[in-house]
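To start, the structure under review is shown below, and the notes come after it.
Taken together, the values in this text are just the output of simple stated rules run on the coordinates, not laboratory data. From a predicted model like this one, the values you see are computed outputs, not experimental measurements. Please note: Cβ atoms are built from the backbone with ideal geometry, for glycine as well, and neighbour counts cover all protein chains shown.
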Amino acid sequence: MGHSSKKKKRGGGGGGGGRSKGRAPSKDHTSQSANDDIELSEEITALCAIFQEDCKVLPGSPPQILIKIRPYSKDMGYEDLDVSALLHVRCLPGYPFKCPKLQITPENGLSESDTNKLLSLLRDQI
């Protein structure tokens, strides 16, 4: 447990709070990969909180994430649209500076061309 107390002191006080601090390229590269792992696990935790049972994490290094995606919205008359797809995210070593690999598997009511459209939209977002 000695590590965590040492790191806190080095933060320079001032409440920490700002997530942007972790984004800056750090000078000592030894802790970089540990920081990336922490950042990734925080992101995975957030994804699981958002997607809940629709999000599955496959253990490994780096982990892979499977997310079932479907139209969002209860009040816009979408619930009769039984459409869903499986988004497979593989984070590469060096994430978040390297883009994750994305793959979409259509499940209900999605055509191949819709799937490809979805994938290219996602890639634009990255």
>> Using a 7 Å offset from Cα along Cα-Cβ at LYS98, what residues in the stretch 41-69 end up with backbone N under 20 Å from the label point?
In response: 41-44, 58-66
> So what's the net charge close to LYS68: Lys and Arg +1, Asp and Glu -1, counting the other residues with Cβ under 13 Å from its Cβ?
Replying inline: -2
> Stokes-Einstein D for the stretch 53-126 at 20 °C, 1.002 mPa s, Kirkwood Rh over Cα pairs, in µm²/s?
Replying inline: 159 µm²/s
